[in-house]
Structures are given as structure tokens and as C-alpha cells.
Amino acid sequence: MASAAYYLGFDFSTQQLKVIAVNEGFQVVYEDNVHFDKDLPEFGTRGGVHVHSDKLTVTSPVLMWVKALDCILERMKSSAFDFSKVKALSGTGQQHGSVYWKEGSRVILNSLLPERPLHTSLQSCFSICDSPVWMDSSTSTECHQLEKSVGGPQELAYITGSRAYERFTGNQIAKIYKQKPEAYYKTERISLVSSFAASLFIGDYAPIDYSDGSGMNLLDIHDKTWNEKCLEACAPGLRDKLGPVVSSSTVLGTVSTYFIQRFGFNCDCHVVAFTGDNPASLAGMRLEEGDIAVSLGTSDTLFLWIQEPTPALEGHIFCNPVQSDDYMALLCFKNGSLMREKIRDKCSSGSWEEFAKVLRLTPTGNNGCLGFYFDVMEITPHAVGVHRFNGANQKVSEFPNDVEIRALIEGQFMAKRIYAERLGYKIMPQTRILATGGASHNQDILQVLSDIFNAPVHTIATANSACLGCAYRAAHGHALKLSPTSFADVFKPAQSKLVVTPKPNAEKIYQPLLKRYAECESEVIKETRNK
């Protein structure tokens, strides 16, 4: 570790706490993790959470996250990590989780004793000991009430970037206020997991950042302030309990004397605002304006960098974590790799090689045949079942195997482009698609992706992208203290490998097909609704 300076990134994820240190050349020089179930068994979690008897309520112990930080920093100290070389740190937390600080906790945070571990000093600081997390789906009633209070789901999406979701923090706060009013009134500050973790480092309540704040159904994403109607619909006095919001690249201050005295941090070590895990991944993948990141895994996820959002009932718009005037969009599709594997097994004898060969040999556009393949209820669109349409827009019960394979892959990628454009994404001359996940190893699948989006597809490695993104954000925040500079000025685009470019005739073929696909999709949604 000969580098003159380090930047630290922390990731408080669902199952573990991770840390990454990068040097001034942004190479990883240290990484470690604390696995909650394995390393902290006293909290009795499975997969980092407690699933309650109703199967809807899902929580995590706040002190488990605090003790995990104690553990990881002690390990770093034992390995002779030189904390005095850390110029700046930042971090991320699983999105939508919330932490409830009891009255009087700020005084304790301000005066932590360096001879005591954090979890010992903070054990009585929380009015809710088990925090609701993103896996919770117990707030349907609160979601309906919030949407109704602002004029419906589309109006809420326009204000906050998303319609009401059960995991979103505003609805979770409304439930706590309704079911545990005494605990709510004893709460002096409500943090997100991200701002809670930042609070530990600065020894005071850290503000929520714009990007993670836009996953709460409470923040107006256009003027980046708390929306009064949303606040009032959730709980009284909520503005004061949430505190201010700040840009995601804000330097919150320096580490508290606790960390200087206990671990040897430099007194000038900056703490850059912590953010949510999805925004942090955008930073870790070094997305630029016009880029699309497509993760092709169990579920397929799209990250989009956009400038003029059009919030819709499907998908999410967040404030951009590295360029606060811009936005990022997130779309999730449940029927990803498991659906691809199912069709592979049915139509190509379980062979990916055969599957790829079929894609190579079948015509672009599949002679107008379209398919919708939803083994489980899809998120975008809200539909289920397998639906096939021939070139004359007539529903058919089956396709030949080769047509089925292409209909599946084309259908999955047409849906992604349609929903991306509905959220305000525009394909630009410089657009790159950055593909990750299992299916990104299949060049013939990527060729269809490239043809439908009419953009080149690159592959990138994204291990620990959220944690790495926070080490990068720490470096950017530190650079901003010295002079105005953009994230792109500090970081070149991520190293990527160009895999495929669109076929010359692809755009002409897919433009009319995309329109037809959207029309057929309306019929599929209606059919699901009427079942």
C-alpha cells in the first residue's frame, strides 16, 4: 500500500457490510466484508433480515448494522490499514430502509467515547429497534392513501418519480405513525440507511441526499425539496424529523473525533454524502450521459441516464447521484434469465449453443411474430402468462421452436426500449449499452439487444459496483472541495469491451414492430386484468 492517499467506500447492503479502498489511481487496494448471518449470529437474521409472521413485514436490527461497522473497522486496524492516508470516504445503503433516532440521540452521537465500540454507546438510541427494509410489502393501505391524497398514482409519480410502492419510506413512516404513535413521537430524526451510516461517521445527523431521497415517495424530484402534500399524507411534523436534503456530492464535513482517536483517521478526512445502492451502482459503472446499463440476471434491470424525465406508472426516476441537474431511471423486469432458461430447455434441448445458433439463423424482426413471456406476474407491464401474436396481429397458441426463441428475446428487449423511452430516455449518437449479468456472455442475445436499441453493446465487469461507486464518489467529492469538476472529468468511462454493433437495416425493421408490440401489450394487460 505505497500510494499517498486512499478513498473509502462502504456498502450497507441487505446481507453484508462491504468496504473497498482505492488509491489515487483508483485501483482497489483493500476490500473486506462482514456477513450479517454468519459473522453476527446473535441478531438471528436470515439473509440479513427478520421476516415476520404475516410474511409481509420484513425488518433488520439497527444495532446489527452498527456492530458490523465496529467489526469491519477493527479488522482493518488489525490488518495495519493506514487510516491516516484516507482523504475522503462515502457509502451507500440498501434503498428504502429507514432508521428512527430517539430523542436525545444527537447528544450521544456528538460525544461518542473512543474507548467504547459504537454499538455499546448507541444501543439505546433508537425508538424502533428493527428497521423496515426494502423487502417489506405490508403498506398497501398507506400506498392507496398517499396516492389519493395527491390526486392519483400518476400525479404522485410526476412529483416524486414513482407511484406509491409498499417498500418506499414515506409509506413505511405512515404505517409506523399509525401503529406505533408513541414511538413516532419519541423520534427526533428519521434517516435512510444511507444517511444513518453517514451520521455514524460525522457524529451528527447527516442529511438525506437527493438521489436516495427520491426513493421515498416524499421528495419533489423537480425542485429537490420535501413535498408538503406527501409529508402531510404520511405523518405530522415529518419535515422536521427528516431534516434537510443535499446534493449527492456534498461534503458533509470531516470524520468525528471518535474515528480520529479510535482508528487513527486524519482529522481532515472528508465524509461525502452517502446514497442508495442503485444510484451508487450508476457511479460504480461510470455511466455517462446517454448510456444504458442492462443487467441480464434472474431479473433484468435497466439503469438509464436521462436529462428530461417523464415519470410514469412503471419504473422509477431518481435524481442523478453524480450530476445533480440530471436524473437516472431504473426499470426492473422480473421475468429475466429464468424465462430464457425455460425457453432454452423447451426449444433448444437445454443448449445455449443451439439457442444462439437459432438467433443467428432466424430473420431480424421474426417475420412480424411477437411474444410476451411472463412465467410470474411481471412488474413492467403488470401482466402474466405467455401471449403470442402472428404477423397479422392475431393471437396464436404456439410458435415453431425457432420463432419462439427469437420472439422471446426480441420481446424482452422491445419492452425495455419502450419503457425506457416512456420515462424520457432518448437514444443519442454517443449512446452505449453496457451489458452485465449471465446473458451478457451470449453474443447472439446481445446482437438482438443492439439491433432493437440501434446502439453498440459493450460488456463491463461490475463486481461490487455500489461499494466501488462510493469510493469513486468520495474521490469526486474531495476533488470538488478543491475546484469545480464533474464526475466525468475525474473518471474516464469504465473499461469496456465492444461486443456487437447494430445491423444496418435493424432500425427500419424494428420501428414499426415497436409500435405493434406496444399495441399488443395493451391487449395483454387488459386480458390479465380481466382474469
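The values are calculated or read from the model by the stated rules, or taken from the named source; none is laboratory data. Note that the coordinates shown come from a computational prediction; the quantities given were computed from them, not determined experimentally. Every residue, glycine among them, receives a Cβ derived from its backbone with ideal geometry; neighbour counts consider all protein chains shown. Ligands, DNA and RNA are stripped out before the accessible areas are found, and what is left, the full protein with its side chains, is counted by its heavy atoms. Shrake-Rupley method; radii C 1.70, N 1.55, O 1.52, S 1.80 Å.
For the reader, a short list of remarks on this structure follows.
- Lys/Arg +1, Asp/Glu -1 at C-beta; the chain dipole; positive extreme among N110, V524, L480: V524
- Under 5 Å from the amide H of L252 lie the amide H atoms of V271, V272, A273, each residue being 5 or more positions distant or on a separate chain, with H modelled from the backbone and absent for Pro and chain starts.
- Considering helices alone, the calculated mean residue ellipticity of the chain at 222 nm is -11500 deg cm²/dmol, with DSSP H runs of length four and up weighted by -39500 (n - 2.57) and normalised per residue.
- Interchain or long-range residues, amide H under 5 Å from H50's placed H: T59, S60
- Per-pair calculated FRET efficiency, R0 = 56 Å: K357 and E228 via Cβ, rounded to 0.05: 0.45
- Positive-pole candidate from S465, P512, G391, dipole of the stretch 372-531, charges at beta carbon: S465
- Other residues whose C-beta falls under 10 angstrom from the C-beta of D32 contribute a net charge of +1, scoring Lys and Arg +1 and Asp and Glu -1.
- Summing charges over neighbours of S53, with a neighbour being any other residue whose Cβ is under 15 Å away from its Cβ, gives -1 when K and R count +1 and D and E count -1.
- Using a cutoff of 8 angstrom between alpha carbon atoms and counting only pairs six or more residues apart, the relative contact order for the stretch 85-228 works out to 33 percent.
- Student exercise, the stretch 223-262 dipole from Lys, Arg, Asp, Glu Cβ charges, in Debye to nearest 20: 180 debye
- Among G276, V29, M135 the positive-end extreme of the charge dipole of the chain (Cβ point charges): M135
- Taken about its Cα centre, the chain carries a charge dipole of roughly 300 debye when the Cβ of each Lys and Arg holds +1 and the Cβ of each Asp and Glu holds -1.
- Of interest is the spacing of the C-alpha centroids, which for the stretch 154-205 and the stretch 353-369 amounts to 48 Å.
- Subtracting the Cα-Cα distance of D345 and D204 from their residue separation scaled by 0.36 nm leaves 45.2 nm.
- Taking all Cα pairs closer than 8 Å and separated by 6 or more residues, the relative contact order of the stretch 190-297 comes to 30 percent.
- Distance from the stretch 407-453 to the stretch 219-261 (C-alpha centre basis), Å: 35 Å
- Taking every C-alpha pair closer than 8 Å and separated by at least 6 residues, the mean separation divided by the residue count of the chain gives a relative contact order of 15 percent.
- Here, the chain yields an orientationally averaged convex hull projection of 24.5 nm² when only Cα atoms define the hull.
- Cα gyration tensor shape for the stretch 189-332, rounded if a/c is under 1.5, else prolate or oblate: oblate
- Under 5 Å from the amide H of D136 lie the amide H atoms of V58, each residue being 5 or more positions distant or on a separate chain, with H modelled from the backbone and absent for Pro and chain starts.
- The stretch between E519 and Q154 holds 129.3 nm of extra length on full extension. This uses 0.36 nm per residue minus the Cα-Cα distance.
- Model label sites at L482 and N390, defined 7 Å from Cα along the beta-carbon direction, differ in position by 6.7 nm.
- The string of couplings for the stretch 14-29 from the Karplus curve (6.51, -1.76, 1.60, θ = phi - 60°) is 5, 9, 7, 10, 10, 9, 9, 10, 10, 8, 5, x, 6, 8, 6, 10 Hz, one whole number per residue in order, with x for Gly and Pro.
- Euclidean distance between Cα centres, the stretch 491-531 to the stretch 1-77, Å: 38 Å
- Accessible solvent surface per residue of the stretch 210-368, calculated while the other protein chains remain in place, 1.4 angstrom probe, Å²: 34 Å²
- Karplus 3J(HN,Hα) series, Hz, for the stretch 35-41 with 6.51 cos²θ - 1.76 cosθ + 1.60 (x for Gly, Pro): 8, 4, 4, 7, 8, 10, x
- Remark: the stretch 362-375, residue by residue, has Karplus-estimated 3J(HN,Hα) of 7, x, 4, x, 6, 6, x, 7, 10, x, 10, 10, 10, 5 Hz, where x stands for each Gly or Pro and the curve is 6.51 cos²θ - 1.76 cosθ + 1.60 at θ = phi - 60°.
- Summed residue charge, Cβ within 9 Å of I72's Cβ, Lys/Arg positive, Asp/Glu negative: -1
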